[in-house]
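A.B. asks: Provided herewith is a single structure, encoded as structure tokens, for subsequent inquiry.
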Amino acid sequence: MVETSRRALGVLLGAAFATPSLAQGFPTRGIRIVVPFPPGGSTDLLARRLAEKLTVSLGQTVLVENRPGAGGTTGADLVAKSAPDGHTLLMGVTGSNAIAASLFPNLPYDPVRSFAPLSRLVSAPLVLVVNPQHAARDVAGYIAAARGTPGALTYATPGNGTSMHLTGVMFGQAAGVSLQHVPYRGSAQAMTDLISGQVQSAFADILVALPMIRAGQLRALAVTSSARHPLLAEIPTMQEAGLAGFEAASWQGLFAPAGTPAPILERLHAEVARAMALPEVRDSFAAQGFVVESTTPAEFGPFIAAEVAKWGAVVRAGNVRLD
């Protein structure tokens, strides 16, 4: 009995001392950050800037691997099924890690249970913009135009199921109006047709629309965040425009596979937080229109669950289908 107790105590002590060593010995090889979109977009640029800083602080090469497909779910699924050892991470976004749960009936992963959330890194609101020739000069005028010709007021998006699409659905629900969704294959053509007058409006990524707003090619009516955006300080929020509680933002955050040991998650989060706090990193993203956040895992997890619930309600109420 005594010998058995000693062996049990030895196992417990061994585990206690082994736990910190996981973080001390991590990483043992290169790390990959999977970006579920093609190179060149904002998610890819964020991942590459972070990888550059983590390579220095972790002492191992951190590379970005682009795995686009199925609205970001291909890359997310790859990470969800990867070894939970901290060497494969996901740069997830609103679509892949919140909206997809309701849009894809056979989604091969669970946005809440399949990942260990590390940190929400940046977010950016959308901005409701119209062609300058449109009569609406504010949100009230936009709603009046929509009510005057139900289902005729068009809004362009980069595609079905995007945060821009669902924000339009949510706006229609909040304002009690019917809008006509016009999906494109990406933001570039959507903005081109909006400027030329082929479509009338868009709930656009602020990073995409800002140069066109400043050039007078688009008129901004409101931002979808709860507070005004510093780069568009003169533009009201949807809440200020009369839509109580209306808030929508596109966000990007870092995830590890579920089951990754806590010491490794803690080490990764500490280094990520340190990198995002560097003035050259923070200022660079702020200048592009991002709100830099760097939340803790304890904050990020409940946020993901709330986002899944929020967008799920929008999808169901709007009967949104990818086809």
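The values are calculated or read from the model by the stated rules, or taken from the named source; none is laboratory data. Everything quoted here is computed from the prediction, not taken from an experiment. Note that each Cβ is placed from the backbone with ideal geometry, even for glycine, and that neighbours are counted across all protein chains shown.
A.B. asks: Between 155, 142, which is assigned to a helix (DSSP H, G or I), hydroxyl-bearing (Ser, Thr, Tyr) and surrounded by 24 or more Cβ atoms within 10 Å (Cβ to Cβ)?
C.D. replies: The conditions single out 142.
A.B. asks: Scan (1) under 26 Å from residue 43 (Cα atoms); (2) crowded, with 23+ Cβ neighbours inside 10 Å; (3) more than 15 Å from the chain's Cα centre (by Cα); (4) not polar (S, T, N, Q) for the single condition residue 108 breaks and write down its number.
C.D. replies: For residue 108, the failing item is (2).
A.B. asks: If you go through the stretch 186-197, how many residues are in contact with a strand residue (DSSP E or B) (Cβ under 8 Å, 6 or more places away or on another chain) and either among the charged types (D, E, K, R) or surrounded by fewer than 18 Cβ atoms within 10 Å (Cβ to Cβ) (or both)?
C.D. replies: 1
A.B. asks: For the stretch 118-152, enumerate the residues that are within 29 Å of residue 251 (Cα to Cα) and in contact with a Lys or Arg (Cβ under 9 Å, 6 or more places away or on another chain).
C.D. replies: 129, 130, 131, 132, 136, 137
A.B. asks: Also, quick follow-up: Which residues, counting only those in the stretch 213-262, are of a type in the set (S, T, N, Q), outside the structural domain of residue 87 (by TED's automatic domain parsing), farther than 21 Å from residue 283 by Cα and crowded, with 21+ Cβ neighbours inside 10 Å?
C.D. replies: 224
A.B. asks: Check 227, 249, 256, 188 and return the single one that is in contact with a Leu (Cβ under 6 Å, 6 or more places away or on another chain) and closer than 24 Å to residue 95 by Cβ.
C.D. replies: That would be 256, the only listed residue that is in contact with a Leu (Cβ under 6 Å, 6 or more places away or on another chain) and closer than 24 Å to residue 95 by Cβ.
A.B. asks: I'd like the residue in the stretch 158-182 that is touching a residue at least 40 places away in the same chain (Cβ under 8 Å) and of a type in the set (A, V, I, L, M, F, W, C) and, out of all such residues, is farthest from residue 197 (Cα to Cα).
C.D. replies: Looking at residues that are touching a residue at least 40 places away in the same chain (Cβ under 8 Å) and of a type in the set (A, V, I, L, M, F, W, C), I get 174.
A.B. asks: Do we find that residue 115 is crowded, with 23+ Cβ neighbours inside 10 Å and assigned by TED's automatic domain parsing to the domain that holds residue 43 in this structure?
C.D. replies: Yes: the conditions hold for residue 115.
A.B. asks: Is it true that some residue in the stretch 31-46 is out of contact with any Cys (no Cβ under 9 Å at 6 or more places or on another chain), touching a residue at least 40 places away in the same chain (Cβ under 8 Å), surrounded by 22 or more Cβ atoms within 10 Å (Cβ to Cβ) and part of a helix (DSSP H, G or I)?
C.D. replies: Yes.
A.B. asks: What's the total number of residues in the stretch 119-150 that are in contact with a Gly (Cβ under 7 Å, 6 or more places away or on another chain) and either closer than 30 Å to residue 89 by Cβ or in the same structural domain as residue 262 (by TED's automatic domain parsing) (or both)?
C.D. replies: Number of matching residues: 4.
A.B. asks: What number of residues within the stretch 65-87 satisfy the criterion of being buried (at least 20 other Cβ atoms within 10 Å of the Cβ) and either in the same structural domain as residue 185 (by TED's automatic domain parsing) or not in a helix (DSSP H, G or I) (or both)?
C.D. replies: Total satisfying the criteria: 2.
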